[in-house]
Amino acid sequence: MKQGILNDILDYSNRANPYPLYAELRKTPVFHDGDGPYVVSTYFDIQSLLHDPRLSSDARNLAASAGDPLAGAEGEGAAALPPSFLKLDPPEHDRLRRMTNRPFGPPHSPHRVDDMRGFLQSTVTGLIDNLGDPERIDLVDQFAYPFPVTMICRLLGVPREDEARFHVWADTLAASLDPDPDADPKEREKKTHDARMELGMYLAGLIEERRKEPGEDMLSQLAVGHGQDETMSTMELLSTAALLLIAGHETTVNLITNGMLTLLRNPDVLRQLRETPDLAVPLVEELLRFEPPVQLLPQRTPLVDIEVGGVTIPKGSSMWLILASGNRDPNRFENPDRFDPYRKDIQHLGLGSGIHSCFGAPLARLEAQLALTELARRLENPRLMEDPPPYRQNAVLRGPRHLRITCDAVRPS
């Protein structure tokens, strides 16, 4: 295998279709070029490592990352804040995730996501109603980008009149995750820093308001806490809110956009979804396998020397887990490069697994199901204006930056 395959994976020219590179990578299930990260690309090894307590997500356990081209790539737009639970190990991870889950899902808040269904549906309807000229639609800018931010604002309890400001901060922080070789680094850094500070100050003020007068929203319940052992500090709460904003936004944008792109490339499946809306549930699971919004998890590290696929990976080494490669592993999935929403066994890695499995998975799934179903139903004869579309620079959070389509009409709701 040529030494530069990791650079090829990161090279923007391969962003539209990295899957042949992943297939090449799987020929060496644990790849290491001497000074770079250890790269794991096969399904069963990745699945095992996601459940292995000897693997750390805390960058403080890395011995060195000088040879890792993705060092620092998992930024959350939360400078000067403590690490979110996404980047912590037990027991700190478990404490923060448990507290965050209390107002979000079972067993304490079992109806939180399902109760949002009506609001999700009305938001999707409103966005499609306002698409404008059916001959020129950018599904990213006009639909997939604004949709999840609106949902997160509702979830956190951001007042409706402040949502526009939240959208601006989310866009700026999302853009900061993508490399931009053409931008002025200092100007870009200042813009990102200002957005982080403004968001942090806004959230801090909102937290104080919620502590005095809590409502039914998630931020209120996190701010009030549940006893001395179940209360977040203000800094922890700010870090968690920033995580929900950035991680929750980016993955859902990519899931919806990759999903619509896949459907437009498979018009028979698009027609089936229009005729049979219940297909949305297995279809989204197959999308999470076929075109996962998070392609790889960089900067994991073993806490002790571990053996994977006959290779000893030293303690403190940088590791990448290529989720998208595992999802196309022919030793796990039959015809893995075929998009098949009727696939019987879709135990994919698209939302991770183990203690760091995607926290917002129930909401992301519902958002994608409703969005894709309604787009399929209401867009009359949609076609891609360019294929492949222009992609984001980011190799980790992979998805089209624009998805320009044309259609004959937008059917009334």
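Brief remarks on what is shown
- For the residues Ser220, Ser357, a 1.4 Å probe over the protein chains yields an accessible-area ranking, largest first, of Ser357, Ser220.
- Thr312-Asp141 FRET efficiency (beta carbon distance; Förster radius 60 Å; 0.05 resolution): 0.80
- Peptides 378-385, 211-218, 44-51, ordered by how many other C-beta atoms sit within 10 Å of their residues on average, highest first, read 44-51, 378-385, 211-218.
- Taking each residue as 0.36 nm, the span from Arg383 to Glu163 lengthens on full extension beyond its C-alpha to C-alpha distance by 76.0 nm.
- Estimated at 0.36 nm per residue, the fully extended path between Glu209 and His32 surpasses their Cα-Cα distance by 58.6 nm.
- Taken about its Cα centre, segment 252-294 carries a charge dipole of roughly 140 debye when the Cβ of each Lys and Arg holds +1 and the Cβ of each Asp and Glu holds -1.
- If R0 is taken as 41 Å, the Cβ-Cβ distance between Tyr12 and Asp94 corresponds to a FRET efficiency of 0.60.
- Distance-filtered residues of segment 207-222 - backbone nitrogen under 17 Å, label point 7 angstrom along Asp115 Cα→Cβ: 214-222
- Projecting the Cα atoms of Leu206, Ala170, Pro53 onto the charge dipole of the chain, computed from C-beta unit charges around the Cα centre, puts Pro53 farthest toward the positive end.
- Förster-model FRET efficiency, 51 Å R0, Gln272 and Leu303, C-beta, rounded to 0.05: 0.60
- Summing charges over all other residues whose Cβ lies under 10 Å from the Cβ of Gly259, with Lys and Arg as +1 and Asp and Glu as -1, gives -2.
- Kyte-Doolittle at least 0.0, axis length at least 27 Å by Cα - qualifying DSSP helices, the chain: 234-265
- Arg165 accessible area, 1.4 Å probe, all protein chains in place, Å² to nearest 10: 120 Å²
- Length gained when the stretch Tyr202-Asp52 is fully extended (0.36 nm per residue, less Cα-Cα span): 50.2 nm
- Peptides 98-111, 316-329, 275-288 ranked from most to least packed by the mean count of surrounding Cβ atoms within 10 Å: 316-329, 275-288, 98-111.
- Relative contact order, percent, the chain [alpha-carbon distance under 8 Å, six or more residues apart]: 27 percent
- For percent of Cα pairs over 35 Å apart, the value computed from the atomic coordinates appears in the list (1) 41; (2) 27; (3) 24 under label (2).
- Count of Lys pairs (Cα-Cα under 29 Å; at least 8 positions apart or interchain) in the chain: 8
- Each residue was assigned an accessible area with a 1.4 Å probe, and for Asp129 the value is about 80 Å².
The values are calculated or read from the model by the stated rules, or taken from the named source; none is laboratory data. Quick caveat: nothing in here was measured; it's all calculated off a predicted structure. Note that each Cβ is placed from the backbone with ideal geometry, even for glycine, and that neighbours are counted across all protein chains shown. Side chains are part of the model used for accessible areas, which takes the heavy atoms of the whole protein and leaves out ligands, DNA and RNA. Shrake-Rupley method; radii C 1.70, N 1.55, O 1.52, S 1.80 Å.
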